[in-house]
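For reference, the structure discussed in these notes is given below.
The values are calculated or read from the model by the stated rules, or taken from the named source; none is laboratory data. It should be emphasised that the depicted structure is a prediction, and the values quoted were computed from it without experimental measurement. No Cβ is skipped: glycine too gets one built from the backbone with ideal geometry, and neighbour counts run over all protein chains shown. Surface areas here come from the heavy atoms of the whole protein model, side chains and all, with no ligands, DNA or RNA. Shrake-Rupley method; radii C 1.70, N 1.55, O 1.52, S 1.80 Å.
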Amino acid sequence: MRVPIRSTRRTGHRRFVGALSLALLCAAGATAPPAAARTPGNPGAAPAAPAHPAPRLPDGLAKTPPMGFNNWNSTHCRAEFTEDMVKGIADLFLAKGLKDAGYQYVNLDDCWALPTRDANGKLVPDPRRFPHGIKAVADYVHSKGLKFGIYTSAGTKTCNSAGFPGGLGHEKSDAQQFADWGVDYLKYDNCNNQGVDAQQRYRTMRDALRATGRPIVYSICEWGENKPWEWASDVGHLWRTTGDISDSWSSMLAIARQNLPLAPYAGPGHWNDPDMLEVGNGGMTDTEYRSHFSLWSMMAAPLLIGSDLRKAGPETFEILANKDVIALDQDALGKQATVLASESGRWTLVKHLADGGRAVALLNETDRPQRIATTARAVGLPQAAGYRLRDLWQHRDTHTTGAIAATVPAHGTTVYRVTADTNWATYPPAVETGTDRTPLVEAGASTDIRSTVRNLGGTPARNLTVTLKAPQGWHATAASPATARALPGGRSLTTTWRITAPAGASPGAYDLPLTADYRSPRGERVTTTLPGTAHLVVPPPAGTAYAAELPWLTAANGWGPVERNTSVGENAAGDGGPLRIGGTGFTKGLGVHAASDVTLYTGRRCSAFTARVGIDDEVGDRGSAGFEVWADGKRVATSGTVTGADAARTLTAAVAGAETVRLVVTDGGDGIDYDHADWADAKFSC
Ligand code: GLA
């Protein structure tokens, strides 16, 4: 969690409420959604499965998780949230094949109404946004064969600070008004609830909706505050399990972590809701958005598109309309994926499917490629000679005799649908590709890496050719065979590559994709490419080399970018303050936020590292962190836990012979709140 001093509520695009501001807001009469836990580490132990099957609503709605659109994540209450936008989205559902892919609901969020009810106590649509009223928009949406949803709060006012009317005490009349307009879906929020018991508030609206006689999907949005998974299966069709998502990798992942352990509570007609999708809003890479969409589908989460599709590019549509992945979300069995393994940022998730198969997601939370592996047996499939293995992002069928393994790019997710299949041999064998390391090369110099291609199948991969595509002007030459006439099942081809960077190449990361091309015994051609990176590195200067002045190979932070010579500001580059620990100011150093990991290239030329480490004074006495120095994969120094109350500690490490040094900050064991950690005066002797 970020430092509350700068927390804002309901104004900024990213809204996080720290403990302090939460207390202040509550005192002021508002209720704030809790920010998602931002503690890295393993998910909590899954709660025991409910003893009895959960009671259900008898209406048969939401047999699979609802799919559709909601404007909140893209517009909040800005002026572009209008009738035109909503109609435009409905049009695009048809034009872009989203309706065909299963998206159905077009939903309005907060700010559609005027702040006061009319003389009859009825809600009044904002005439600037909805000049023809809500019914006209609902009719338009219905005319496209789609369904229409609306929003209000189980409180006296909605969540927006402008204070639109809420449903508390008006349940019957509001539910009837919604039904009269043709509403098919209600999101019922939690703000300004006046401390009235949540179960009572949400049940009252359930009964009011039921009394209208119109089938309306009922979305409980109380942010998981009262553990709705324990009582809401016969109250609503879905319930939010967390605070609000924002458009960042860390927020998305923190929410997934909170939602994953709740798997036993989800099922047809009653779903865990980890909040709406951010895909396409611009705060994550396409790789991260694919992970987001994979995770939500594995978790049988509602798939509510949260970006303005009128501005979306082809990548966004490609992700959102991935029918292979959507089929997992919409699988009739309605099981939420469980965590089979989670270690050092490598996650294996498994979802049981109605056809007896399993969806397996291999998620790499880290900033480097990682090999993640499991087996058909471990994911619970019956013993069989072979399995069909469908890659749901590549849309390719292969087979395996049991191994399920991939090198997954940083922040990426590989998703397979695995089925015991007597016809397995009709699919080409799956191969797993990987390299032993990410090459670091100085301009004009060379380095060697090894690639391995392993046949996971039971039939040979014929005419195998392995290529490593060097960046423009570079060379990648195979120093050992890179082809095989036939690679039998279970066997590997390992190739040594000499990689040479041109003199004068600029420092930075370059693409280095590894491709394996082969044919199945039936002649089907398979080409699989693993994205990879080569780093053009510069040696550190001789003498004293400051960490803030060296280029970084990787720089990961719990919040915001890593800063040079300032503390971390949590949002954009350059928004930190002066480095200061225990009253002492420093002009040089790195400002980070736990959990952080910065990799520097020392090129075997430095002997020692020293820094003054501690929590920056700007967070007061709060926060705690542990500082670690790693030389080529070996931890060579640790600070122990330091807190916001401590003075700067000196940390020294011997790094002689190391090609890279990693400066790691852990959360001190208590989550990452307030952990503004400074590597003050961090320098190497080279
Ligand atoms: C709450 C909800 C959000 C959104 C806003 C609208 O924060 O959790 O999803 O509906 O209110 O103000």
Quick count over the range 43-62, residues being modelled with pLDDT of 90 or more and among the charged types (D, E, K, R), is 1
Check on Val279, touching a residue at least 60 places away in the same chain (Cβ under 8 Å) and open to solvent by less than 20 Å² (accessible area, probe 1.4 Å): no
Residue among Ala95, Ala119, Ala79, Ala90 that is away from the ligand (no atom under 13 Å from the Cβ), more than 31 Å from the chain's Cα centre (by Cα) and among the hydrophobic types (A, V, I, L, M, F, W, C): Ala119
Being without any contact (Cβ under 8 Å) to a residue 60 or more places away in the chain, of a type in the set (D, E, K, R), surrounded by fewer than 17 Cβ atoms within 10 Å (Cβ to Cβ) and not assigned by TED's automatic domain parsing to the domain that holds Asn455 is true for just one of Glu563, Glu549. Which residue is that? Glu549
How many residues are aliphatic (A, V, I, L, M), away from the ligand (no atom under 16 Å from the Cβ) and within 34 Å of the chain's Cα centre (by Cα) when one looks only at the range 135-174? 4
What single numbered condition from (1) closer than 25 Å to Ser342 by Cβ; (2) in contact with a His (Cβ under 7 Å, 6 or more places away or on another chain) fails to hold for His270? (1)
Does the range 622-642 contain any residue that is of a type in the set (Lys, Arg) and assigned to a strand (DSSP E or B)? yes
If you take the residues of the range 586-621 that are free of Cβ contacts under 8 Å to residues at least 60 places away in the same chain and more than 22 Å from Ser685 (Cα to Cα), which of them is surrounded by the most Cβ atoms within 10 Å (Cβ to Cβ)? Asp617
List the strands (runs of 3 or more DSSP E) inside the range 196-310, counting only whole elements, that have at least 2 residues being more than 19 Å from the chain's Cα centre (by Cα) and at pLDDT 95 or above. 217-220, 238-240
Quick test for you: out of Asp110, Asp100, pick the one residue that is in a loop (DSSP other than H, G, I, E, B) and either in the same structural domain as Ser246 (by TED's automatic domain parsing) or among the hydroxyl-bearing types (Ser, Thr, Tyr) (or both). Asp110
Out of the residues in the range 283-325 that are among the acidic types (Asp, Glu) and farther than 24 Å from Ala62 by Cα, state the one that is surrounded by the fewest Cβ atoms within 10 Å (Cβ to Cβ). Glu318
Can you tell me which of Ile319, Ile255 is touching a residue at least 12 places away in the same chain (Cβ under 8 Å), in contact with a Phe, Trp or Tyr (Cβ under 7 Å, 6 or more places away or on another chain) and β-branched (Val, Ile, Thr)? Ile319
Might you let me know whether the range 155-170 holds any residue that is buried (at least 21 other Cβ atoms within 10 Å of the Cβ), out of contact with any Gly (no Cβ under 7 Å at 6 or more places or on another chain) and within 19 Å of Gly306 (Cα to Cα)? yes
Go through the range 175-197 and count every residue that is within 14 Å of the ligand (Cβ to nearest atom) and either within 16 Å of Ser219 (Cα to Cα) or open to solvent by 20 Å² or more (accessible area, probe 1.4 Å) (or both). 8
Listed by first then second residue, the pairs whose first member lies in the range 483-506 and is closer than 26 Å to Tyr387 by Cβ, whose partner is at pLDDT 95 or above and part of a loop (DSSP other than H, G, I, E, B), with beta carbons under 7 Å and at least 6 positions apart or on separate chains, are Ala486/Pro460; Leu487/Pro460; Pro488/Pro460; Gly489/Thr401; Gly489/Gly457; Gly489/Gly458; Gly489/Thr459; Gly489/Pro460
Among Leu440, Leu456, Leu389, which is open to solvent by less than 50 Å² (accessible area, probe 1.4 Å) and within 22 Å of Leu295 (Cβ to Cβ)? Leu389
Please list, ordered by residue number, the strands (runs of 3 or more DSSP E) wholly in the range 374-439 having 2 or more residues that are closer than 22 Å to Ala337 by Cβ. 387-391, 396-400, 403-408, 413-420
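This table checks each residue for (1) open to solvent by 50 Å² or more (accessible area, probe 1.4 Å); (2) over 33 Å from the mean Cα position of the chain (by Cα).
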position: Ser451; (1), (2): no, no
position: Pro471; (1), (2): no, no
position: Thr483; (1), (2): yes, yes
position: Thr494; (1), (2): yes, yes
position: Thr500; (1), (2): no, yes
position: Ala505; (1), (2): no, yes
position: Tyr510; (1), (2): yes, no
position: Ala516; (1), (2): no, no
Flagged in the range 419-437 as buried (at least 17 other Cβ atoms within 10 Å of the Cβ) and among the acidic types (Asp, Glu), in numbering order, are Asp421, Glu432
